[in-house]
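Comments concern the structure below.
The values are calculated or read from the model by the stated rules, or taken from the named source; none is laboratory data. Worth saying up front: this structure is predicted, and the values here are computed from it rather than measured. Using ideal geometry, Cβ is built from the backbone for each residue, glycine included, and neighbour counts are taken over all protein chains shown. When the accessible area is computed, the model is the full protein with side chains, heavy atoms only, and any ligands, DNA or RNA have been set aside. Shrake-Rupley method; radii C 1.70, N 1.55, O 1.52, S 1.80 Å.
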Amino acid sequence: MWWPINHPLIRKNYLSMTQTISPEAAKREIHGAKECALLDIREHGLYGEGHPFLSVHCPYSDFEQTVVALVPNRQVSVILMDDGDGISERAADLLMQMGYLQVSILKGGAPAWAAAGYTLYKGVNLPSKTLGELIEHHDHPQIISPATLHQWQTEGRPLHFFDCRPPNEYDKMTIPGARCVPNGELAHRLAAVVTNDSDPIVVTCAGRTRGLIGASGLQRLKLNNPIYAVENGTQGWALSGFTLNRGNGRPEMPALSQSALETSRQRADALIAAEKLVCIDVAAFQELARDQDRTLYLVDVRSLTEFKAGHLPHAVHAWSGQIAQAADLTIGVRRARVVLSDDTGMRAAIAAIWLRALNYEVYIIRETNSGALPSDWRENAPARSPVDLLKQIPVSSAIAQISGGGARVIDIRNSQAFRRAHIPGALWANRARLGAIPNDCPLILCADDAVAAAYLARDLRSRGVTINGLLEGGLAAWQAAGQPIAVSPDHPADGECIDFLFFVHDRHDGNLDSARRYLEWETGLIAQLDPEEQQSFRLA
(Lines give C-alpha, C1' and ligand atoms only; values in the text may rest on other atoms or scores of the structure.)
Protein backbone atom coordinates (compact mmCIF):
# COMPACT_ATOMS: atom_id res chain seq x y z
CA MET A 1 0.00 0.00 0.00
CA TRP A 2 1.25 3.51 -0.85
CA TRP A 3 0.67 6.11 1.86
CA PRO A 4 1.35 9.83 1.49
CA ILE A 5 4.26 11.35 3.37
CA ASN A 6 1.91 13.22 5.73
CA HIS A 7 0.11 10.05 6.83
CA PRO A 8 0.45 9.91 10.67
CA LEU A 9 1.97 6.43 10.76
CA ILE A 10 4.47 7.26 8.05
CA ARG A 11 5.42 10.58 9.63
CA LYS A 12 5.91 9.00 13.04
CA ASN A 13 8.28 6.36 11.68
CA TYR A 14 10.05 8.91 9.50
CA LEU A 15 10.86 11.15 12.43
CA SER A 16 12.54 8.22 14.17
CA MET A 17 14.60 7.32 11.09
CA THR A 18 15.84 10.67 9.79
CA GLN A 19 18.28 12.80 11.72
CA THR A 20 20.68 15.63 11.16
CA ILE A 21 24.39 14.97 11.26
CA SER A 22 27.23 17.43 11.76
CA PRO A 23 29.98 17.81 9.18
CA GLU A 24 32.44 16.34 11.67
CA ALA A 25 30.31 13.23 12.23
CA ALA A 26 29.65 12.86 8.50
CA LYS A 27 33.38 13.08 7.83
CA ARG A 28 34.05 10.31 10.34
CA GLU A 29 31.33 8.12 8.85
CA ILE A 30 32.38 8.48 5.21
CA HIS A 31 35.94 7.56 6.18
CA GLY A 32 34.87 4.82 8.61
CA ALA A 33 34.84 1.06 8.23
CA LYS A 34 31.19 0.58 7.28
CA GLU A 35 29.35 1.24 4.05
CA CYS A 36 28.06 4.76 3.64
CA ALA A 37 26.68 6.99 0.87
CA LEU A 38 27.28 10.73 0.98
CA LEU A 39 24.93 12.09 -1.68
CA ASP A 40 25.29 15.66 -2.92
CA ILE A 41 21.79 16.46 -4.15
CA ARG A 42 22.59 19.90 -5.55
CA GLU A 43 22.48 20.46 -9.29
CA HIS A 44 25.51 19.78 -11.50
CA GLY A 45 26.83 23.33 -11.55
CA LEU A 46 26.78 23.74 -7.78
CA TYR A 47 28.22 20.26 -7.26
CA GLY A 48 31.05 20.78 -9.75
CA GLU A 49 32.06 24.10 -8.21
CA GLY A 50 32.76 22.48 -4.86
CA HIS A 51 31.88 19.22 -3.09
CA PRO A 52 33.36 16.80 -0.54
CA PHE A 53 36.01 14.49 -1.96
CA LEU A 54 34.00 11.29 -1.45
CA SER A 55 30.54 12.65 -2.14
CA VAL A 56 28.49 11.27 -5.03
CA HIS A 57 26.32 13.45 -7.24
CA CYS A 58 22.60 12.65 -7.13
CA PRO A 59 20.77 15.84 -8.21
CA TYR A 60 17.35 16.51 -6.78
CA SER A 61 16.00 17.30 -10.26
CA ASP A 62 16.35 13.60 -11.11
CA PHE A 63 16.53 12.19 -7.61
CA GLU A 64 14.08 9.27 -7.73
CA GLN A 65 15.49 7.92 -10.98
CA THR A 66 19.12 8.21 -9.92
CA VAL A 67 19.18 7.20 -6.28
CA VAL A 68 17.78 3.69 -6.78
CA ALA A 69 20.72 2.89 -9.08
CA LEU A 70 23.40 4.61 -7.01
CA VAL A 71 22.18 3.19 -3.68
CA PRO A 72 20.49 -0.17 -4.36
CA ASN A 73 20.52 -1.24 -0.70
CA ARG A 74 17.83 0.39 1.43
CA GLN A 75 19.64 -0.52 4.66
CA VAL A 76 22.82 1.41 3.96
CA SER A 77 23.51 4.68 5.76
CA VAL A 78 22.68 7.62 3.46
CA ILE A 79 23.80 11.18 4.19
CA LEU A 80 22.16 13.92 2.13
CA MET A 81 23.91 17.22 1.45
CA ASP A 82 22.29 20.28 -0.10
CA ASP A 83 23.30 23.96 -0.21
CA GLY A 84 21.84 24.68 3.20
CA ASP A 85 18.55 25.45 1.47
CA GLY A 86 16.27 22.73 2.86
CA ILE A 87 16.13 20.54 -0.24
CA SER A 88 17.60 17.64 1.74
CA GLU A 89 14.39 17.48 3.74
CA ARG A 90 12.42 16.91 0.54
CA ALA A 91 14.87 14.22 -0.58
CA ALA A 92 14.78 12.56 2.83
CA ASP A 93 10.98 12.35 2.59
CA LEU A 94 11.33 10.60 -0.76
CA LEU A 95 13.93 8.14 0.55
CA MET A 96 11.70 7.26 3.45
CA GLN A 97 8.81 6.60 1.08
CA MET A 98 11.07 4.32 -0.95
CA GLY A 99 11.93 2.30 2.15
CA TYR A 100 15.43 3.53 3.04
CA LEU A 101 16.06 2.93 6.72
CA GLN A 102 19.09 5.07 7.65
CA VAL A 103 18.82 8.61 6.32
CA SER A 104 20.69 11.60 7.70
CA ILE A 105 20.77 15.23 6.62
CA LEU A 106 24.07 17.08 6.73
CA LYS A 107 23.27 20.03 8.94
CA GLY A 108 23.92 23.28 7.09
CA GLY A 109 24.80 21.55 3.82
CA ALA A 110 27.87 22.36 1.75
CA PRO A 111 28.47 25.76 3.43
CA ALA A 112 28.67 24.03 6.80
CA TRP A 113 31.15 21.47 5.40
CA ALA A 114 33.44 24.31 4.32
CA ALA A 115 32.92 26.20 7.60
CA ALA A 116 34.10 23.10 9.46
CA GLY A 117 37.43 23.42 7.65
CA TYR A 118 36.92 20.67 5.09
CA THR A 119 37.74 21.14 1.42
CA LEU A 120 35.07 21.51 -1.24
CA TYR A 121 36.70 20.23 -4.44
CA LYS A 122 36.04 21.58 -7.91
CA GLY A 123 35.41 19.26 -10.85
CA VAL A 124 33.87 15.80 -11.10
CA ASN A 125 34.92 12.16 -10.59
CA LEU A 126 37.40 13.28 -7.96
CA PRO A 127 38.56 9.94 -6.47
CA SER A 128 39.00 8.41 -9.92
CA LYS A 129 40.90 11.44 -11.25
CA THR A 130 43.11 11.49 -8.18
CA LEU A 131 43.82 7.78 -8.62
CA GLY A 132 45.30 8.51 -12.03
CA GLU A 133 47.61 11.11 -10.54
CA LEU A 134 48.64 8.71 -7.77
CA ILE A 135 49.35 5.99 -10.32
CA GLU A 136 51.76 8.28 -12.14
CA HIS A 137 53.80 8.54 -8.95
CA HIS A 138 53.35 4.87 -8.04
CA ASP A 139 53.84 3.07 -11.39
CA HIS A 140 55.83 5.70 -13.30
CA PRO A 141 54.34 4.99 -16.76
CA GLN A 142 56.42 6.29 -19.65
CA ILE A 143 55.28 9.65 -21.03
CA ILE A 144 55.65 10.87 -24.61
CA SER A 145 55.39 14.58 -25.35
CA PRO A 146 53.09 15.85 -28.11
CA ALA A 147 56.15 17.20 -29.94
CA THR A 148 57.87 13.81 -29.91
CA LEU A 149 54.69 12.01 -30.97
CA HIS A 150 54.21 14.48 -33.82
CA GLN A 151 57.82 13.91 -34.88
CA TRP A 152 57.34 10.12 -34.85
CA GLN A 153 54.24 10.49 -37.00
CA THR A 154 55.98 12.85 -39.41
CA GLU A 155 58.88 10.43 -39.76
CA GLY A 156 56.47 7.56 -40.36
CA ARG A 157 57.86 5.65 -37.40
CA PRO A 158 55.93 2.42 -36.75
CA LEU A 159 53.67 2.67 -33.70
CA HIS A 160 50.25 1.61 -32.45
CA PHE A 161 48.25 4.66 -31.37
CA PHE A 162 44.97 4.48 -29.43
CA ASP A 163 42.49 6.90 -27.90
CA CYS A 164 41.46 5.20 -24.66
CA ARG A 165 38.16 7.07 -24.20
CA PRO A 166 34.66 5.79 -25.12
CA PRO A 167 33.38 6.40 -28.68
CA ASN A 168 31.18 9.39 -27.77
CA GLU A 169 34.20 11.31 -26.47
CA TYR A 170 36.40 10.17 -29.36
CA ASP A 171 33.77 11.56 -31.73
CA LYS A 172 34.15 15.06 -30.28
CA MET A 173 37.92 15.32 -30.83
CA THR A 174 41.07 13.24 -30.97
CA ILE A 175 44.72 13.44 -31.97
CA PRO A 176 45.20 12.61 -35.67
CA GLY A 177 46.08 8.97 -36.20
CA ALA A 178 44.52 7.70 -32.96
CA ARG A 179 42.19 4.72 -33.12
CA CYS A 180 39.30 4.47 -30.67
CA VAL A 181 39.85 1.50 -28.36
CA PRO A 182 38.99 2.43 -24.74
CA ASN A 183 40.89 1.31 -21.67
CA GLY A 184 40.09 -2.30 -20.86
CA GLU A 185 38.92 -2.92 -24.41
CA LEU A 186 42.48 -2.32 -25.58
CA ALA A 187 43.89 -4.94 -23.23
CA HIS A 188 41.13 -7.34 -24.32
CA ARG A 189 41.52 -6.74 -28.07
CA LEU A 190 45.28 -6.33 -28.07
CA ALA A 191 46.00 -9.46 -30.11
CA ALA A 192 43.67 -8.14 -32.83
CA VAL A 193 45.08 -4.61 -33.02
CA VAL A 194 48.76 -5.01 -32.11
CA THR A 195 50.36 -7.52 -34.45
CA ASN A 196 53.94 -7.48 -33.15
CA ASP A 197 55.75 -7.21 -29.85
CA SER A 198 58.26 -4.53 -30.76
CA ASP A 199 56.48 -1.39 -32.00
CA PRO A 200 55.56 1.18 -29.34
CA ILE A 201 51.98 1.34 -28.03
CA VAL A 202 50.84 4.92 -27.39
CA VAL A 203 47.61 5.81 -25.57
CA THR A 204 45.94 9.18 -25.20
CA CYS A 205 42.92 10.60 -23.44
CA ALA A 206 41.56 14.14 -23.23
CA GLY A 207 43.75 15.14 -20.31
CA ARG A 208 45.95 13.07 -18.07
CA THR A 209 44.46 10.39 -15.89
CA ARG A 210 42.92 7.93 -18.33
CA GLY A 211 46.09 7.93 -20.40
CA LEU A 212 48.15 7.27 -17.27
CA ILE A 213 45.78 4.54 -16.09
CA GLY A 214 45.66 3.03 -19.59
CA ALA A 215 49.43 2.85 -19.90
CA SER A 216 49.82 1.45 -16.40
CA GLY A 217 47.18 -1.23 -17.07
CA LEU A 218 48.96 -2.38 -20.23
CA GLN A 219 52.28 -2.46 -18.36
CA ARG A 220 50.80 -5.04 -16.00
CA LEU A 221 50.37 -7.42 -18.94
CA LYS A 222 54.19 -7.70 -19.13
CA LEU A 223 54.28 -6.95 -22.85
CA ASN A 224 57.52 -6.53 -24.77
CA ASN A 225 56.19 -3.45 -26.56
CA PRO A 226 57.26 -0.08 -25.17
CA ILE A 227 54.14 1.65 -23.76
CA TYR A 228 53.60 5.40 -23.55
CA ALA A 229 50.91 7.82 -22.41
CA VAL A 230 50.63 11.11 -24.31
CA GLU A 231 51.53 13.99 -22.02
CA ASN A 232 48.28 15.81 -21.15
CA GLY A 233 46.35 14.06 -23.92
CA THR A 234 44.37 16.01 -26.50
CA GLN A 235 44.68 19.18 -24.44
CA GLY A 236 48.46 18.85 -24.38
CA TRP A 237 48.38 18.33 -28.16
CA ALA A 238 46.37 21.53 -28.67
CA LEU A 239 48.55 23.48 -26.23
CA SER A 240 51.58 22.40 -28.27
CA GLY A 241 50.09 24.10 -31.31
CA PHE A 242 48.85 21.00 -33.13
CA THR A 243 45.39 20.52 -34.62
CA LEU A 244 42.85 18.02 -33.34
CA ASN A 245 40.54 15.96 -35.53
CA ARG A 246 36.85 16.60 -34.77
CA GLY A 247 33.66 14.78 -35.73
CA ASN A 248 35.34 11.38 -35.83
CA GLY A 249 32.22 9.19 -35.58
CA ARG A 250 31.54 6.46 -33.03
CA PRO A 251 33.32 3.35 -34.28
CA GLU A 252 32.52 -0.19 -33.21
CA MET A 253 35.24 -2.01 -31.35
CA PRO A 254 37.74 -4.07 -33.43
CA ALA A 255 36.62 -7.64 -34.05
CA LEU A 256 38.45 -10.56 -32.43
CA SER A 257 39.25 -13.89 -34.00
CA GLN A 258 38.98 -17.07 -31.94
CA SER A 259 42.75 -16.98 -31.56
CA ALA A 260 42.64 -13.38 -30.28
CA LEU A 261 39.86 -14.30 -27.83
CA GLU A 262 41.94 -17.16 -26.49
CA THR A 263 44.90 -14.82 -26.07
CA SER A 264 42.67 -12.47 -24.09
CA ARG A 265 41.64 -15.37 -21.81
CA GLN A 266 45.21 -16.51 -21.26
CA ARG A 267 46.43 -13.02 -20.49
CA ALA A 268 43.45 -12.47 -18.19
CA ASP A 269 44.25 -15.66 -16.29
CA ALA A 270 47.82 -14.49 -15.79
CA LEU A 271 46.76 -11.00 -14.73
CA ILE A 272 44.11 -12.28 -12.32
CA ALA A 273 46.65 -14.57 -10.70
CA ALA A 274 49.37 -11.93 -10.52
CA GLU A 275 47.02 -9.34 -9.01
CA LYS A 276 45.31 -11.87 -6.71
CA LEU A 277 41.86 -10.91 -8.00
CA VAL A 278 38.84 -12.97 -6.95
CA CYS A 279 36.68 -14.85 -9.48
CA ILE A 280 33.30 -16.25 -8.44
CA ASP A 281 30.58 -18.50 -9.87
CA VAL A 282 26.79 -18.24 -9.65
CA ALA A 283 26.59 -19.92 -6.25
CA ALA A 284 29.08 -17.48 -4.74
CA PHE A 285 27.29 -14.56 -6.40
CA GLN A 286 23.96 -15.62 -4.89
CA GLU A 287 25.58 -15.82 -1.48
CA LEU A 288 26.77 -12.23 -1.87
CA ALA A 289 23.31 -11.17 -3.06
CA ARG A 290 21.65 -12.72 0.01
CA ASP A 291 23.73 -10.58 2.37
CA GLN A 292 21.30 -7.72 3.04
CA ASP A 293 23.84 -5.94 5.23
CA ARG A 294 26.05 -5.18 2.24
CA THR A 295 25.51 -3.29 -1.00
CA LEU A 296 26.09 -5.22 -4.21
CA TYR A 297 26.55 -3.87 -7.75
CA LEU A 298 26.63 -6.02 -10.88
CA VAL A 299 28.41 -4.19 -13.71
CA ASP A 300 28.89 -5.54 -17.23
CA VAL A 301 32.21 -4.12 -18.47
CA ARG A 302 32.08 -5.44 -22.03
CA SER A 303 31.42 -3.14 -25.00
CA LEU A 304 28.06 -1.45 -25.26
CA THR A 305 27.20 -3.53 -28.34
CA GLU A 306 27.86 -6.77 -26.46
CA PHE A 307 25.86 -5.56 -23.46
CA LYS A 308 22.86 -4.68 -25.60
CA ALA A 309 23.01 -8.11 -27.25
CA GLY A 310 22.46 -9.77 -23.87
CA HIS A 311 23.60 -9.50 -20.26
CA LEU A 312 23.03 -10.95 -16.80
CA PRO A 313 19.80 -9.94 -14.99
CA HIS A 314 19.92 -6.48 -13.38
CA ALA A 315 23.44 -5.80 -14.64
CA VAL A 316 24.25 -2.23 -15.62
CA HIS A 317 26.75 -1.27 -18.29
CA ALA A 318 29.99 0.65 -17.91
CA TRP A 319 33.04 0.53 -20.14
CA SER A 320 35.92 -1.18 -18.35
CA GLY A 321 37.94 2.02 -18.25
CA GLN A 322 35.00 4.22 -17.32
CA ILE A 323 33.87 2.21 -14.30
CA ALA A 324 37.30 2.93 -12.84
CA GLN A 325 37.69 6.51 -14.07
CA ALA A 326 34.14 7.63 -13.30
CA ALA A 327 33.17 5.14 -10.61
CA ASP A 328 30.85 7.58 -8.86
CA LEU A 329 28.50 7.57 -11.85
CA THR A 330 27.65 3.93 -11.13
CA ILE A 331 28.66 3.18 -7.53
CA GLY A 332 27.14 5.43 -4.89
CA VAL A 333 28.14 3.56 -1.73
CA ARG A 334 31.63 3.69 -0.26
CA ARG A 335 33.29 0.30 0.45
CA ALA A 336 30.52 -1.56 -1.40
CA ARG A 337 30.83 -4.90 -3.17
CA VAL A 338 31.15 -4.80 -6.95
CA VAL A 339 30.84 -7.82 -9.25
CA LEU A 340 32.21 -7.28 -12.76
CA SER A 341 30.66 -9.34 -15.54
CA ASP A 342 32.83 -10.27 -18.52
CA ASP A 343 33.56 -13.02 -21.05
CA THR A 344 37.33 -13.62 -21.10
CA GLY A 345 37.91 -11.81 -17.84
CA MET A 346 40.42 -9.30 -19.20
CA ARG A 347 38.19 -6.22 -19.16
CA ALA A 348 36.94 -7.13 -15.70
CA ALA A 349 40.47 -7.69 -14.43
CA ILE A 350 41.66 -4.30 -15.63
CA ALA A 351 38.65 -2.61 -14.01
CA ALA A 352 38.99 -4.65 -10.81
CA ILE A 353 42.58 -3.52 -10.26
CA TRP A 354 41.54 0.12 -10.19
CA LEU A 355 38.27 -0.36 -8.29
CA ARG A 356 40.18 -2.21 -5.61
CA ALA A 357 42.58 0.74 -5.44
CA LEU A 358 39.50 2.93 -4.87
CA ASN A 359 38.67 0.76 -1.83
CA TYR A 360 35.81 -1.33 -3.19
CA GLU A 361 35.46 -5.07 -2.59
CA VAL A 362 35.65 -6.45 -6.13
CA TYR A 363 34.79 -9.79 -7.73
CA ILE A 364 34.81 -11.11 -11.30
CA ILE A 365 32.14 -13.36 -12.77
CA ARG A 366 32.98 -14.69 -16.22
CA GLU A 367 30.62 -15.86 -18.92
CA THR A 368 31.72 -19.45 -18.33
CA ASN A 369 30.94 -19.18 -14.62
CA SER A 370 27.71 -17.21 -14.81
CA GLY A 371 25.34 -20.02 -15.73
CA ALA A 372 21.68 -19.20 -15.18
CA LEU A 373 21.77 -16.28 -12.79
CA PRO A 374 18.30 -16.00 -11.22
CA SER A 375 16.37 -12.96 -12.38
CA ASP A 376 15.06 -12.20 -8.88
CA TRP A 377 18.41 -11.84 -7.11
CA ARG A 378 17.72 -8.12 -6.65
CA GLU A 379 14.16 -8.60 -5.37
CA ASN A 380 14.70 -6.38 -2.33
CA ALA A 381 16.02 -3.44 -4.31
CA PRO A 382 14.34 -0.06 -3.81
CA ALA A 383 11.82 1.14 -6.35
CA ARG A 384 11.19 4.68 -7.50
CA SER A 385 8.35 6.38 -5.69
CA PRO A 386 5.29 6.01 -7.94
CA VAL A 387 4.20 8.94 -10.03
CA ASP A 388 1.56 9.42 -12.70
CA LEU A 389 2.85 10.63 -16.05
CA LEU A 390 1.40 13.91 -17.19
CA LYS A 391 -1.31 14.25 -19.81
CA GLN A 392 0.23 14.96 -23.22
CA ILE A 393 -0.88 18.25 -24.73
CA PRO A 394 -0.63 18.48 -28.55
CA VAL A 395 1.04 21.56 -29.97
CA SER A 396 -2.25 22.87 -31.38
CA SER A 397 -3.92 22.67 -27.99
CA ALA A 398 -0.93 24.25 -26.28
CA ILE A 399 -1.02 27.17 -28.72
CA ALA A 400 -4.67 27.78 -27.96
CA GLN A 401 -4.11 27.69 -24.19
CA ILE A 402 -1.08 29.98 -24.34
CA SER A 403 -2.52 32.53 -26.77
CA GLY A 404 -5.70 32.80 -24.74
CA GLY A 405 -3.75 33.55 -21.59
CA GLY A 406 -4.98 30.35 -20.01
CA ALA A 407 -1.58 28.78 -19.48
CA ARG A 408 2.13 29.50 -19.35
CA VAL A 409 5.00 27.30 -20.52
CA ILE A 410 7.61 26.19 -18.01
CA ASP A 411 10.70 24.75 -19.69
CA ILE A 412 12.57 22.26 -17.47
CA ARG A 413 15.16 21.14 -19.99
CA ASN A 414 18.78 21.97 -19.14
CA SER A 415 19.58 25.66 -18.97
CA GLN A 416 22.00 25.67 -21.91
CA ALA A 417 19.42 24.05 -24.19
CA PHE A 418 16.93 26.73 -23.09
CA ARG A 419 19.42 29.45 -23.97
CA ARG A 420 19.85 28.03 -27.47
CA ALA A 421 16.13 27.75 -28.21
CA HIS A 422 12.80 27.83 -26.37
CA ILE A 423 9.16 28.71 -26.82
CA PRO A 424 8.64 32.51 -26.75
CA GLY A 425 7.46 33.58 -23.31
CA ALA A 426 8.54 30.32 -21.67
CA LEU A 427 10.16 30.44 -18.24
CA TRP A 428 13.16 28.24 -17.46
CA ALA A 429 12.90 26.41 -14.16
CA ASN A 430 14.55 23.65 -12.18
CA ARG A 431 13.01 21.32 -9.63
CA ALA A 432 15.57 22.40 -7.04
CA ARG A 433 14.19 25.96 -7.20
CA LEU A 434 10.44 25.69 -7.31
CA GLY A 435 10.03 29.15 -5.80
CA ALA A 436 10.86 30.68 -9.19
CA ILE A 437 7.78 29.08 -10.77
CA PRO A 438 4.62 31.24 -10.70
CA ASN A 439 1.32 29.91 -9.42
CA ASP A 440 -0.93 32.60 -10.87
CA CYS A 441 -2.04 30.51 -13.87
CA PRO A 442 -2.02 26.88 -15.05
CA LEU A 443 1.24 25.58 -16.45
CA ILE A 444 2.30 23.49 -19.44
CA LEU A 445 5.66 21.81 -19.02
CA CYS A 446 8.22 21.44 -21.80
CA ALA A 447 10.70 18.65 -21.06
CA ASP A 448 12.98 16.02 -22.58
CA ASP A 449 12.23 13.49 -19.83
CA ALA A 450 8.56 12.74 -19.15
CA VAL A 451 9.29 10.98 -15.87
CA ALA A 452 11.37 13.85 -14.50
CA ALA A 453 8.56 16.21 -15.55
CA ALA A 454 6.04 14.11 -13.63
CA TYR A 455 8.09 14.27 -10.43
CA LEU A 456 8.48 18.05 -10.74
CA ALA A 457 4.75 18.38 -11.38
CA ARG A 458 4.04 16.39 -8.24
CA ASP A 459 6.14 18.84 -6.22
CA LEU A 460 4.39 21.80 -7.80
CA ARG A 461 0.92 20.43 -7.18
CA SER A 462 1.79 19.99 -3.51
CA ARG A 463 2.35 23.77 -3.51
CA GLY A 464 -1.06 24.44 -5.05
CA VAL A 465 0.12 24.97 -8.63
CA THR A 466 -2.13 23.77 -11.47
CA ILE A 467 -0.43 21.67 -14.16
CA ASN A 468 -2.36 21.24 -17.38
CA GLY A 469 0.07 18.72 -18.82
CA LEU A 470 3.26 18.07 -20.79
CA LEU A 471 3.87 19.47 -24.28
CA GLU A 472 3.65 16.43 -26.56
CA GLY A 473 6.91 16.00 -28.48
CA GLY A 474 8.59 18.84 -26.62
CA LEU A 475 10.35 21.69 -28.37
CA ALA A 476 11.06 19.55 -31.44
CA ALA A 477 7.32 19.14 -32.05
CA TRP A 478 6.78 22.85 -31.52
CA GLN A 479 9.38 23.66 -34.18
CA ALA A 480 8.09 20.96 -36.53
CA ALA A 481 4.69 22.64 -36.38
CA GLY A 482 6.28 25.81 -37.75
CA GLN A 483 6.02 27.74 -34.51
CA PRO A 484 8.59 30.43 -33.66
CA ILE A 485 11.35 29.95 -31.12
CA ALA A 486 13.24 32.42 -28.96
CA VAL A 487 16.98 32.52 -28.27
CA SER A 488 18.52 33.97 -25.10
CA PRO A 489 22.32 33.48 -24.89
CA ASP A 490 22.51 35.27 -21.53
CA HIS A 491 19.26 34.11 -19.97
CA PRO A 492 19.02 32.47 -17.58
CA ALA A 493 22.03 34.30 -16.18
CA ASP A 494 25.11 32.28 -15.36
CA GLY A 495 24.37 32.47 -11.64
CA GLU A 496 20.94 30.92 -12.22
CA CYS A 497 22.27 28.02 -14.33
CA ILE A 498 22.73 25.75 -11.34
CA ASP A 499 22.58 22.67 -13.58
CA PHE A 500 25.62 23.64 -15.70
CA LEU A 501 29.27 23.54 -14.66
CA PHE A 502 31.10 26.55 -16.12
CA PHE A 503 34.45 25.50 -14.64
CA VAL A 504 36.73 25.05 -17.71
CA HIS A 505 33.71 23.77 -19.64
CA ASP A 506 35.15 24.95 -22.98
CA ARG A 507 38.58 23.32 -22.63
CA HIS A 508 37.81 20.93 -25.50
CA ASP A 509 36.46 23.68 -27.75
CA GLY A 510 39.66 25.59 -28.38
CA ASN A 511 39.94 27.66 -25.17
CA LEU A 512 43.60 27.02 -24.36
CA ASP A 513 43.45 28.98 -21.11
CA SER A 514 40.69 26.66 -19.88
CA ALA A 515 42.82 23.66 -20.91
CA ARG A 516 45.76 25.01 -18.89
CA ARG A 517 43.58 25.61 -15.85
CA TYR A 518 42.09 22.12 -16.11
CA LEU A 519 45.53 20.48 -16.24
CA GLU A 520 46.67 22.58 -13.28
CA TRP A 521 43.55 21.43 -11.41
CA GLU A 522 44.27 17.78 -12.17
CA THR A 523 47.93 17.91 -11.19
CA GLY A 524 47.04 19.76 -8.01
CA LEU A 525 44.56 17.19 -6.68
CA ILE A 526 47.02 15.15 -4.59
CA ALA A 527 48.24 18.22 -2.71
CA GLN A 528 44.69 19.02 -1.58
CA LEU A 529 44.08 15.66 0.10
CA ASP A 530 43.86 15.54 3.86
CA PRO A 531 45.18 12.44 5.72
CA GLU A 532 41.79 10.67 5.72
CA GLU A 533 41.32 11.29 2.00
CA GLN A 534 44.81 9.97 1.31
CA GLN A 535 43.83 6.76 3.09
CA SER A 536 40.86 6.32 0.74
CA PHE A 537 43.13 4.52 -1.73
CA ARG A 538 44.70 1.05 -1.62
CA LEU A 539 47.73 0.90 -3.87
CA ALA A 540 49.60 -2.42 -3.89
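Were the residues from Glu252 through Val278 laid out at 0.36 nm apart, the gain over their Cα-Cα distance would be 6.4 nm. Summary of the geometry: the stretch 101-116 and the stretch 207-274, compared by the centres of their Cα atoms, lie 40 Å apart.
Note that the chain presents 41 Å² accessible area per residue, ligands and nucleic acids not counted, probe 1.4 Å.
Around the amide H of Tyr228, modelled in the peptide plane, lie the amide H atoms of Ile201, Val202, Val203, all under 5 Å away and 5 or more residues distant in sequence or on another chain. With respect to the chain, whose longest principal axis is taken over its alpha-carbon atoms, helix 8-17 is tilted by about 40°. Legend: distances between Cα atoms for Lys129/Lys308; Lys172/Lys276; Lys27/Lys308; Lys122/Lys172; Lys27/Lys222; Lys107/Lys172; pairs beyond 32 Å are Lys172/Lys276; Lys27/Lys308; Lys27/Lys222; Lys107/Lys172. Between Leu120 and Asp293, the contour length at 0.36 nm per residue exceeds the Cα-Cα span by 59.2 nm. Decide, for the stretch 386-472, between rounded, prolate and oblate: order the square roots of the alpha carbon gyration tensor eigenvalues as a ≥ b ≥ c, take rounded if a/c falls under 1.5, and otherwise choose prolate if a/b is larger than b/c, else oblate. Judged from the Cα gyration tensor, the stretch 386-472 comes out rounded (a/c under 1.5).
Along the stretch 491-504 the Karplus relation, 6.51 cos²θ - 1.76 cosθ + 1.60 evaluated at θ = phi - 60°, assigns HN-Hα couplings of 9, x, 4, 3, x, 8, 7, 5, 8, 10, 8, 7, 4, 6 Hz to successive residues, with x for each Gly and Pro. Maximal additional length on extending the Val316-Ser22 stretch stands at 102.5 nm, based on 0.36 nm per residue less the C-alpha distance.
For the stretch 261-321, the relative contact order comes to 25 percent (Cα pairs under 8 Å, sequence separation of at least 6). Couplings 3J(HN,Hα) for the stretch 149-159, derived from phi with the Karplus relation 6.51 cos²θ - 1.76 cosθ + 1.60 (θ = phi - 60°), are 4, 4, 5, 4, 5, 4, 6, x, 5, x, 6 Hz, where x marks Gly and Pro.
Whole-Hz Karplus values for the stretch 523-532 come out as 5, x, 5, 4, 5, 7, 5, 8, x, 5 Hz, taken residue by residue from phi with 6.51 cos²θ - 1.76 cosθ + 1.60 and θ = phi - 60°; glycine and proline positions read x. Quick one: helix 450-462 against the long Cα principal axis of the chain, what's the angle to the nearest 10°, folded into 0 to 90? Value to nearest ten degrees: 40. Among Ala215, Pro166, Thr154, flag the residue with its Cα farthest along the positive direction of the charge dipole of the stretch 135-268, charges on Cβ as +1 for Lys/Arg and -1 for Asp/Glu. Positive-most Cα among the choices belongs to Pro166. With contacts taken as Cα pairs under 8 Å and at least 6 residues apart, the stretch 324-383 reaches a relative contact order of 35 percent. Ligands, DNA and RNA left out, the accessible area of the stretch 116-259 computed with a 1.4 Å probe is 45% carbon and sulfur.
Just the C-alpha atoms of the stretch 283-423: what Rg/Rh do they give, with Rh taken as the Kirkwood radius? So for the stretch 283-423, dividing Rg by the Kirkwood Rh gives 1.17. The simple spin-label model puts a point 7 Å past each Cα toward its Cβ; for Leu239 and His505 those points are separated by 2.2 nm.
Helix 126-139 and the longest principal axis of the Cα set of the chain meet at an angle near 10°. Solvent-accessible area of the stretch 449-535 (1.4 angstrom probe, protein heavy atoms only): carbon and sulfur portion equals 50 percent. Extending 7 Å from the Cα toward the beta-carbon at both Arg463 and Asn224 defines two label points whose distance is 6.8 nm. Candidates Gly474, Asn430, Pro394 compared by Cα position along the dipole of the stretch 371-482: farthest toward the positive end lies Asn430, with charges placed on Cβ. Where (i) 40, 29, 23; (ii) 57, 36, 19; (iii) 44, 30, 20 are the candidate values, the label of the one calculated here for semi-axes √(5λ) of the Cα gyration tensor in Å is (i). Asp440 label point, 7 Å along Cα→Cβ, cut-off 20 Å on backbone N: hits in the stretch 460-501? Answer for the stretch 460-501: 460-461, 463-468. Using a simple spin-label model with pseudo-atoms 7 Å out from Cα toward Cβ, His137 and Ser259 lie 4.5 nm apart. When the helices of the chain are scored as -39500 (n - 2.57) per DSSP H run of n ≥ 4 and the total is divided over every residue, the value at 222 nm lands at -11000 deg cm²/dmol. Computed over the chain, relative contact order equals 16 percent, with contacts defined as Cα pairs under 8 Å that lie 6+ residues apart.
A 1.4 Å probe, protein heavy atoms only, puts the accessible area of Ser396 near 90 Å².
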